[in-house]
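Following: one structure in structure tokens, then a few remarks.
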Amino acid sequence: MSGAVDLSALKQPPAAPGGAAAPASGNHTVTEADFEAKVIRRSMQVPVVVALYSQRSQGSVDLVRTLERFNAEDRGAWDLAAIEAEANMNIVQALRVQGIPTVIAVAGGQPLADFEGTQPDPQVRQWLDAVIDATAGKLEGDPGAAPAEPEVEDPRFVDAEDKLSEGDFAGAEAAYEAIIAEEPGNEEAKAALRQLRFLTRAQQLDPAVVATADADPANLDAALDAADVELLEQRPEAAFERIIASVKRTAGDDRTRARTRLLELFELFDPAEPFVIAARRKLAAALY
């Protein structure tokens, strides 16, 4: 999952926890306000198993209780973060959750493995053991791990992220551009700038443009805007399909424009993602 999900969207200053209480062990309750501390930062030390559940689903509540029991048995080998889905929809959207319950293992600040739906206890136990084995000796909190070097934050990135958190998109863009001017090969700054430019463009769009594009497939402007909205809504496959359809029905400058936009959207994801690979194949077929 690591290339498909960007957890940086969930980083935010601490706030008072809200929402309904999670089942049983309150020590593992996580909300949007403390997701960064209890999941992202904590996963640098030990794996964190995120369980998204609903109090309206007894099966999902039972699954959280099963995870709580295994967590107690494993004595600190991993942390459990129980998150009520309805009260924390930003987390649900950022993790691209399709159904409840969903369980996701996060390690080193990135999603590592996941499963959806209720599972028999032996399968849950087997999945947890695989997560523990996969991360053994690789995180700061592991007994066998070498002492980690203290991480020194680049003040240039801190400045850009501060501007972004303040809503100063133009200032953040300028900060990332300055980093790239100093270091043309800085891939982290390039990726951040691509993400920022997409967000700046997409957040200004009216979601109703999707209906406009559906009603008039020949309207390339509407199709490109609709694809941005779909991507912003965590529906990359739909966005890619829409632009590929435009590539098929256009020619000349319009086809070049549609193809260029699609390639830009591909760059927002890990190129090894299956849905990116599939879309690239469809694009090649549409072109040739």
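The values are calculated or read from the model by the stated rules, or taken from the named source; none is laboratory data. Because the structure is a prediction, the values reported are computed rather than measured. Note that each Cβ is placed from the backbone with ideal geometry, even for glycine, and that neighbours are counted across all protein chains shown. All accessible areas refer to the heavy atoms of the entire protein, side chains included, with ligands and DNA or RNA removed. Shrake-Rupley method; radii C 1.70, N 1.55, O 1.52, S 1.80 Å.
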Checklist line | Residues being out of contact with any Leu (no Cβ under 6 Å at 6 or more places or on another chain) and crowded, with 24+ Cβ neighbours inside 10 Å - total across segment 40-50 | finding: 4
Item checked: Cβ-Cβ under 6 Å pairs, at least 6 apart or on other chains, segment 52-73 side more than 14 Å from Thr102 (Cβ to Cβ), far side in a helix (DSSP H, G or I) -> Thr66/Asp121; Thr66/Val124; Phe70/Leu128
Notebook entry, point to check: Given (1) of a type in the set (A, V, I, L, M, F, W, C); (2) farther than 26 Å from Glu273 by Cα; (3) buried (at least 19 other Cβ atoms within 10 Å of the Cβ); (4) at pLDDT 50 or above, where does Ala22 come up short, assuming only one miss?
Noted result: (4)
Notebook entry, point to check: Does segment 77-85 contain any residue that is over 22 Å from the mean Cα position of the chain (by Cα) and open to solvent by 30 Å² or more (accessible area, probe 1.4 Å)?
Noted result: yes
Check: Could you give every pair whose Cβ atoms fall below 7 Å, whose first residue belongs to segment 103-122 and is on the phi > 0 side of the Ramachandran plot, and whose second residue is surrounded by 15 or more Cβ atoms within 10 Å (Cβ to Cβ) and aliphatic (A, V, I, L, M), counting only separations of at least 6 or pairs across chains?
Finding: Gly108/Met44; Gly108/Leu139; Gly109/Leu7; Gly109/Ile40; Gly109/Met44
Item checked: Selection count, segment 206-219, where residues are surrounded by 15 or more Cβ atoms within 10 Å (Cβ to Cβ) and either touching a Phe, Trp or Tyr at 6+ places or on another chain (Cβ under 6 Å) or of a type outside the set (S, T, N, Q) (or both) -> 3
Check: Applying the selection to segment 100-135, what residues are touching a Pro at 6+ places or on another chain (Cβ under 8 Å), open to solvent by 30 Å² or more (accessible area, probe 1.4 Å) and either over 12 Å from Trp78 (Cβ atoms) or basic (Lys, Arg) (or both)?
Finding: Glu116, Thr118
Checklist line | Output for segment 233-252, where each listed residue is in a helix (DSSP H, G or I) and surrounded by fewer than 18 Cβ atoms within 10 Å (Cβ to Cβ) | finding: Glu237, Ala238, Glu241, Ala245, Lys248, Arg249, Gly252
Notebook entry, point to check: Within segment 253-272, is even one residue touching a Pro at 6+ places or on another chain (Cβ under 8 Å), more than 28 Å from Pro111 (Cα to Cα) and either open to solvent by 50 Å² or more (accessible area, probe 1.4 Å) or assigned to a helix (DSSP H, G or I) (or both)?
Noted result: no
Notebook entry, point to check: Could you list, in sequence order, the residues of segment 192-222 that are in contact (Cβ under 8 Å) with a residue 24 or more places away in the chain and under 30 Å from Asp159 (Cβ atoms)?
Noted result: Ala192, Arg194, Gln195, Leu196, Arg197, Phe198, Leu199, Thr200, Arg201, Ala202, Gln203, Leu205
Notebook entry, point to check: In segment 167-175, is there at least one residue being within 21 Å of Glu264 (Cβ to Cβ), of a type in the set (A, V, I, L, M) and free of Cβ contacts under 8 Å to residues at least 12 places away in the same chain?
Noted result: yes
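Select from segment 136-158 the residues that are of a type in the set (A, V, I, L, M) and surrounded by 13 or more Cβ atoms within 10 Å (Cβ to Cβ) and write down the one among them that is modelled with the highest pLDDT.
Ala136
If we keep just the residues of segment 175-190 that are in a helix (DSSP H, G or I) and open to solvent by 40 Å² or more (accessible area, probe 1.4 Å), which is farthest from Leu231 (Cα to Cα)?
Selected residue: Glu182.
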